[in-house]
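Input: a single structure, listed below in structure tokens.
The values are calculated or read from the model by the stated rules, or taken from the named source; none is laboratory data. Note that the structure is predicted; figures quoted are calculated from it, not measured. Quick reminder, even Gly has a Cβ in these numbers, built from the backbone with ideal geometry, and neighbours come from all protein chains shown.
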Amino acid sequence: MELFGTKLSRDAISLLHRQLGVMLATGVSLDEAFNTLAEESEDPKIKRLSFRIKNDLAKGISLGDSFAKYPNIFSEALINILSQEDQREKVSKVLFSMADALEGASSLKSRILRAIFFPALTFVIAIFFITLLIVFVIPVFSEMFASFGGSLPVPTQFVVTISVWVTNNILYIIIAIAILVFVFIKNKKLKYQLASIIPRLGVALKKSSVILFTRHLSIMLSFDIPLEEAIRYSSGTVNNALHAQKLKNMGDKISDAKQLKEKLHETRIFPKIILKMVDAGTKSNSLVLVFEQISKFYEKDIDQSLNKFTTLVEIVAIFLVGILVGGFVISMYLPIFKMAGGI
């Protein structure tokens, strides 16, 4: 179990991997490397982590066993390599590769969040102001219309009815929204199920999963990790809980590289062109190169998908906000127009 106070950001984990890789590649021993990080690192969390690992090594605990205490920082793949004597000389290369992968994943996540942020902010602001209209402005108009007597136009009566219902149940509505937000945040699968329905965003999220999975899989295979284990490790790096589970299940069922194309097809995550590339890579024994090139291609392609999504949502957001706000305003002025026409 990961110890209290050692949770690191993805950028910090990447930095730690790279610093360790540099020191090991230049001939610094593990004890010296962690002693240096424990004393010199500018990140207090890295300092605490390095101090604990340094103490473990001093007690005779293996590096792999010490790393295993921090599963959110050091991957199973790295621990697996450390446990194999014939792989020790590859540790610095693995650290560099994983640092690159973590930096790429962090950049990818930031790009997706930036694409989602503005549309989400637009909807939140729109809902906020519409709520203010319903709770505070429309009741004032409603009282004014009641003093005039007579029946209200249908659109106006509809808006007034909504206002009365929302005002009378505002506390229950707030509680319901809070529960929905809590469930949405906690249930990662539900979050990605809903996101995948949204045009363009679902495509971008699928491409993101392909990038993360193929990038890590090419690293694992390049260090001679068995295919089944490599798939299991790589599936754990995929942020999308739905895709991660499908990929992990695929890894549990595969026993031979010849099955890879068929099993990837069953996940419904990979397009046909990738399946053909994988099939060709399997036959030519060049899967590492194939997966590396797939991740690079989609890395460049995903920005286009995100830009299309952002443009689409901006148009929809502006249209919906205009319809809703305009509808409320017009419905409130209909009785006034009606009265003016009767004068």
*asked:* Yes or no: the range 19-34 includes at least one residue that is over 19 Å from Leu102 (Cβ atoms), within 24 Å of the chain's Cα centre (by Cα) and not in a helix (DSSP H, G or I).
replied: no
*asked:* I'd like the residue in the range 240-267 that is aliphatic (A, V, I, L, M) and surrounded by fewer than 19 Cβ atoms within 10 Å (Cβ to Cβ) and, out of all such residues, is farthest from the chain's Cα centre (by Cα).
replied: Ala257
*Give Lys308, Lys296, Lys272 a once-over and let me know the one that is over 30 Å from Phe129 (Cβ atoms), basic (Lys, Arg) and at pLDDT below 90.*
Lys296
*under 20 Å from the mean Cα position of the chain (by Cα) and among the hydrophobic types (A, V, I, L, M, F, W, C) - does that describe any residue in the range 313-333?*
yes
*Report, by residue number, each residue of the range 246-303 that is in contact (Cβ under 8 Å) with a residue 12 or more places away in the chain, of a type in the set (D, E, K, R) and closer than 22 Å to Gly104 by Cβ.*
Lys246, Lys248, Glu292, Glu299, Asp301, Asp303
*Answer yes or no: is there a residue in the range 315-323 that is in contact with a helix residue (DSSP H, G or I) (Cβ under 7 Å, 6 or more places away or on another chain), under 30 Å from Ile130 (Cβ atoms) and either β-branched (Val, Ile, Thr) or in a helix (DSSP H, G or I) (or both).*
yes
*asked:* Let me confirm something: among Ala25, Ala77, which residue is buried (at least 16 other Cβ atoms within 10 Å of the Cβ) and in contact (Cβ under 8 Å) with a residue 40 or more places away in the chain?
replied: Ala77
_Can you say whether Ile231 is buried (at least 21 other Cβ atoms within 10 Å of the Cβ) and free of Cβ contacts under 8 Å to residues at least 24 places away in the same chain, as far as the supplied structure shows?_
yes
*Asn72 is checked against (1) in contact (Cβ under 8 Å) with a residue 24 or more places away in the chain; (2) in a helix (DSSP H, G or I) and fails just one. What number does that condition carry?*
(2)
*Extreme residue, modelled with the lowest pLDDT, among residues of the range 36-67 that are among the aliphatic types (A, V, I, L, M) and crowded, with 16+ Cβ neighbours inside 10 Å*: Leu63
*Any residue at all in the range 252-262 that is over 30 Å from Ile231 (Cα atoms) and either among the hydroxyl-bearing types (Ser, Thr, Tyr) or not assigned by TED's automatic domain parsing to the domain that holds Gln193 (or both)?*
no
